Each structure stands twice: as structure tokens, then as C-alpha cells.
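The values are calculated or read from the model by the stated rules, or taken from the named source; none is laboratory data. None of the values given here were measured: they were computed from a predicted structure. As a convention, Cβ positions derive from the backbone with ideal geometry for all residues, glycine included, and neighbour counts pool all protein chains shown. These area figures cover heavy atoms from the full protein model, side chains too; ligands, DNA and RNA do not enter into them. Shrake-Rupley method; radii C 1.70, N 1.55, O 1.52, S 1.80 Å.
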Amino acid sequence: MSSAPPRQRANRKALHFAAKDGKTEDVRYYIDMGINVDAYVYVHSCTYGSTALYIAAANGHVAVVELLLAANAQIKSASEARTMPTVTPASTI
């Protein structure tokens, strides 16, 4: 369980869903709020948590990936399993 306050946890999850859906302006809003772009969030029934960067890359949202990288998202911490999506625009960055 995360030690972050409930509102911060909710905003992290919102960042991840915005990244999943390719909503660049929403992602920018959460970054501007100071949400940790490297926070792991468990989405669906995944065993490992993933960052917004991993989720954006896995869904092919290049603009969101670029925005997260500009916000200093760490590529090496993209998922707790230490993996990145294999066939994504992120693999060409």
C-alpha cells in the first residue's frame, strides 16, 4: 500500500489513465501539479506496477512519451518488472 495521501494516489492513477488514453493536455496538467511521473500504479490485473511512461509507450502515444521524458521520467524504471514494451514508438527514442 502506498504511503501517499489518498488524493495524491488518485491523481497518480488519473495520470496513468490519461497516459493510456493519449490525453496529452491532461498529462501536462498532472505533471504541472507535481505528480510523480515515476510512480508505479497497478492497472487492471497486472502483477507488476507500471509508470505512466510505460503505459503511454505500450499504447503508442508518442506525444505523451515525449512529454513524460521532458518531465524527467526515468526510462529504466518504466515497470517494476524492469521491462519496456517491445514493439512501441518508445523503442525508437
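Got a number for residues in segment 59-93 being of a type in the set (Gly, Ala, Ser), modelled with pLDDT of 85 or more, in contact with a helix residue (DSSP H, G or I) (Cβ under 8 Å, 6 or more places away or on another chain) and outside any loop (DSSP other than H, G, I, E, B)? Working first, answer last.
Narrowing segment 59-93 to residues of a type in the set (Gly, Ala, Ser): 60, 63, 70-71, 73, 77-79, 81, 90-91.
Filter again for modelled with pLDDT of 85 or more, leaving 60, 63, 70-71, 73.
From what's left, in contact with a helix residue (DSSP H, G or I) (Cβ under 8 Å, 6 or more places away or on another chain): 60, 63, 71, 73.
Filter again for outside any loop (DSSP other than H, G, I, E, B), leaving 63.
Looking only at that region, the number is 1.
How many residues does segment 22-33 contain that are in contact (Cβ under 8 Å) with a residue 40 or more places away in the chain and either open to solvent by 70 Å² or more (accessible area, probe 1.4 Å) or assigned to a helix (DSSP H, G or I) (or both)? Give the derivation first.
Filtering segment 22-33 down to residues in contact (Cβ under 8 Å) with a residue 40 or more places away in the chain leaves 22-24, 27, 31.
Pick out the ones that are also either open to solvent by 70 Å² or more (accessible area, probe 1.4 Å) or assigned to a helix (DSSP H, G or I) (or both) and you get 23-24, 27, 31.
The qualifying residues number 4.
Return only the number of the condition from (1) surrounded by fewer than 20 Cβ atoms within 10 Å (Cβ to Cβ); (2) of a type outside the set (Asp, Glu); (3) at pLDDT below 95 that residue 16 does not satisfy.
(1)
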